[in-house]
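Engineer: Take this structure first; my questions come after.
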Amino acid sequence: MKNKYVVFLISAVALLILPLVFQQAGNFWVRILDFALLYVLLALGLNIVVGYAGLLDLGYVAFYAVGAYCLGLLASPQLTESFAAIRSSFPQGIHLWVWVVIPIAAALAGLAGVLLGAPTLKLRGDYLAIVTLGFGEIIRVFINNLDSPINITNGPKGIGQIDSFHLFGFNFGKTHEFFGIDFNSVTMYYYLFLALVVFSVMICYRLERSRIGRAWMAIREDEIAAKAMGINTRNMKLLAFGMGATFGGVSGVLFATFQGFISPESFSLQESIMIVAMVVLGGIGHIPGVILGALLLSALPEVLRWVSGQFDLQMITGGRLDAAILRQLLIAVAMIAIMLIRPRGLWPSPEHGKAAPTPASK
């Protein structure tokens, strides 16, 4: 137990000083850390749906978009340009505090998750994946076309001038100095995201060990047996969809306030597939594995982007080798290799799928 606390303490200190070290090499590397933590939040939310309840959701990015656009509309001048009534009351635009928008976005995303789950309760496997995939694409197309006849989302041009995160007058979008060290905006957002990731991990651990978490796992292993044991599978599935969607909504708010700009291209099908891959690659239903998978798959493409930029592969090969295509190919090859070597993920749950105990010999 003492060694466990020592490991936790060392890990905490390392996570606190990590952005300060990366900051010396440039903000690019700290931004990679920021997005890695953002994807950890998304993967933890999807793990509730896929890992705990066993419901394959390929439209998870829709809840991500709901949260982002909720902040984009409530913390920017966007609505004042389309509605005269709003412009008369808020001439500079609606600028709600981000921490006020977070519960609103979480509630809207959770409601969207329940609305998605309600008509799909009897679907399983591939059929459920197809329906959720369609739901995610419907949300993206809907946002992309909601610029006429009344311009609400600004269509493919996106929403800009989104407010940065403020907490009791403290602006995370500006550089601050503490103890003679400059903490720029990307570093400040790193600590914000880290705090929310730690809080989310605590929630997920509590859910996993609760009666609700056990009910989800029973449904994942055998839904018919779970129903026979008295578990209300309908309510438990809806709860899984709603709970997972709230994580996506909060992550969308954080993404919007960090970027200051959102557009439908940020919520494509590829994003959903990548988030599912993070959960599967790390280890379905195992929180440390999910975190590891999210960190690897979110950071690897950006590191490869930097490598291709340093060596300028396209110029070296005379244009015959596109760096973007090569990056996607290397990621795909790495994922295939890992799944062949570790079919249950890089860090699978020790309980999930373990063999039954052998009877003691007499």
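Engineer: Among the numbered criteria (1) buried (at least 16 other Cβ atoms within 10 Å of the Cβ); (2) modelled with pLDDT under 90, which single criterion is violated by I152?
Structural biologist: It is condition (2) that I152 fails.
Engineer: Of all residues in segment 132-149, how many are more than 30 Å from A84 (Cα to Cα) and surrounded by fewer than 16 Cβ atoms within 10 Å (Cβ to Cβ)?
Structural biologist: Adding up the residues that qualify gives 1.
Engineer: All but one of (1) out of contact with any Leu (no Cβ under 6 Å at 6 or more places or on another chain); (2) part of a helix (DSSP H, G or I); (3) among the small types (G, A, S) hold for A256, so report the exception by its number.
Structural biologist: A256 satisfies every listed condition except (1).
Engineer: Between a first residue in segment 27-40 that is in contact (Cβ under 8 Å) with a residue 60 or more places away in the chain and a second residue that is open to solvent by 10 Å² or more (accessible area, probe 1.4 Å) and not in a helix (DSSP H, G or I), which pairs have beta carbons less than 7 Å apart while being 6 or more apart in sequence or on different chains?
Structural biologist: N27/N184
Engineer: Exactly one of these conditions fails for E271: (1) at pLDDT 85 or above; (2) open to solvent by 50 Å² or more (accessible area, probe 1.4 Å); (3) of a type in the set (D, E, K, R); (4) under 29 Å from I143 (Cβ atoms). Give me its number.
Structural biologist: (2)
Engineer: Outside any helix (DSSP H, G or I), open to solvent by 30 Å² or more (accessible area, probe 1.4 Å), modelled with pLDDT under 80 and of a type outside the set (V, I, T), is that true of R320?
Structural biologist: Answer is yes for this residue.
The values are calculated or read from the model by the stated rules, or taken from the named source; none is laboratory data. This one's a predicted model, so the numbers in the text were calculated from it and none came from an experiment. Don't worry about glycine lacking a Cβ; one is built from the backbone with ideal geometry, like all the others, and counts go over all protein chains shown. The protein model used for the area step is the full one, side chains on, heavy atoms only, and it has no ligands, DNA or RNA in it. Shrake-Rupley method; radii C 1.70, N 1.55, O 1.52, S 1.80 Å.
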